[in-house]
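See structure below.
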Amino acid sequence: MFIVKIVISLVLVALGIGLILKERKKDGALVLAIAVALIIGEQGQKLADYYYEWQADRTAEDIARDRDREGISDMARVDSPKQHYPPEIMAKVEKLERIEKSGIDLHPEAYYEMGIAAYNQEDYREAARKLSIAVTLDESYSAAWNFLGLSHYVLGQLDSALSSFQTGLELVRGRLSPMQEGDLLNNIASIHHERGQLKEAVELYHRSLRAYRSGSRINQSITCNNIAVAFSYMGLEDSASSYNDKALALAGSGRFDIRSAIFQNKGWAFVRKDMLDSAFVYFRIALSQDEKHSITYIRAATLGALGFVYYTKGNLAESDSILRMALDLDRRVRCRRGEAKHLRFLALVKAQRGDEEEAILSIEEALAVDRDAGHLVAEAEDYQAYGDIWKSLGDLEQAKKYYVLSLSSFIQMRMAPKIAESEDKLRAVLRPR
């Protein structure tokens, strides 16, 4: 645990120095103080409180100017993914595409290479198309099945994703390397996770970890972070925290996308505890990692998390601005899961502003995406948000209806923290005036 604290403190030190270099001396000093507090005591939350007291006194213009200076606006800019792809590989892929267009038959490996290139360029529809051809030509191509499933997963097509992962696992069982087996098991677990089948997901995640045991620390890190998220939904916060720390220790210093996801998870843990200042710190750390990678939907997720904190703190203008950035990023790469989540958050903001029509349109759109994709956990969260919207608009009968729907869904999925949260919300609207 001490080593993990050291690692987190070093990241905070880097962030603090970065803020100071950007002429944010007061912010930088506070972040550096939090880093020291992690080692010498439990004063981080108090220091974060001082930060927010200072933030509360600032004007919207101050915040917007600093947001631009810190790079939040830059996160909404999507460079062409080709800029981040090795030119020699890109040249080979473009040659293969010209050959395909000429009508010459290509081998499965060629379609796999073109599919992977499309995936890395965040063109997930084209990736799915090319990888589908690869597995049609060679049904035992496990790597192609895995990335075909991942393409469907990002696009929100869970049934197709699960079918691809399971087919890849079954068709080549006994011939897979431990790494390949671990990848497919981890991805199958993620589908169960999205559908609220948390016990099954955790069992599969652990099978994946056993497969990875003698292999990649990065893959182990991803799986440990997934387990941490599942445990959080199950109400096992101590176990979640333990696996989150393992994930960070395994991630090392090079994979900034993975580190961002881990710090996002830590931030959401503080949101669930209503410790928004600590959550803000971790989401800002995640944002600092996002500046060093080009995976758009992860950057969008960080912005969405920050937007939610601003919403919960009552800064609706800032929340609206950041959430719209996140939504735009998700739509550019067709990440349906992120799109639905950020539509849900925006609906909450619009309701607080009294814009009933726009709030209802946004939450209905989020529900439609999650229902279509089979995101059962997200659908239940949409119901709960719908209840919050009707409550803020003063219609307690409609609020009750949607809280009941969310409660029923969370009970079916055995998500203890969400059950308790929905029960509290339902009691609040049933309480006699």
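What follows draws every value from the coordinates through simple rules; no lab data is involved. The structure displayed is predicted, hence computed values, not measured ones. Positions of Cβ are backbone-derived with ideal geometry, glycine not excepted, and every protein chain shown enters the neighbour counts.
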*asked:* Among 166-174, 377-385, how do they line up by average Cβ neighbours within 10 Å per residue, starting with the highest?
replied: 377-385, 166-174
_Charge sum, other residues only, whose C-beta stays under 10 Å from ARG371's C-beta, Lys/Arg counted +1 and Asp/Glu -1_ = -4
_Let me check I've understood the local charge: for GLU181, count other residues with C-beta under 14 angstrom from its C-beta, Lys and Arg +1, Asp and Glu -1. What total comes out?_
+3
*What's the local net charge at ALA144, with K and R +1, D and E -1, over the other residues with C-beta under 15 Å away?*
-4
*asked:* What number does the stretch 202-317 give for Rg over Rh if you use C-alpha atoms and the Kirkwood radius?
replied: 0.99
*Take the cross-link list LYS101/LYS130; LYS313/LYS391; LYS341/LYS391; LYS266/LYS400; LYS273/LYS401; LYS313/LYS341 and give me the ones stretching past 24 Å between alpha-carbons.*
LYS266/LYS400; LYS273/LYS401
*With a Förster radius of 22 Å, plug the Cβ-Cβ distance of GLU358 and SER408 into 1/(1 + (r/R0)^6) and report the FRET value to the nearest 0.05.*
0.20
*Once Rh is set to the Kirkwood radius over Cα pairs, what Stokes-Einstein translational diffusion coefficient, in µm²/s, holds for the stretch 177-218 at a temperature of 37 °C and a viscosity of 0.692 mPa s?*
328 µm²/s
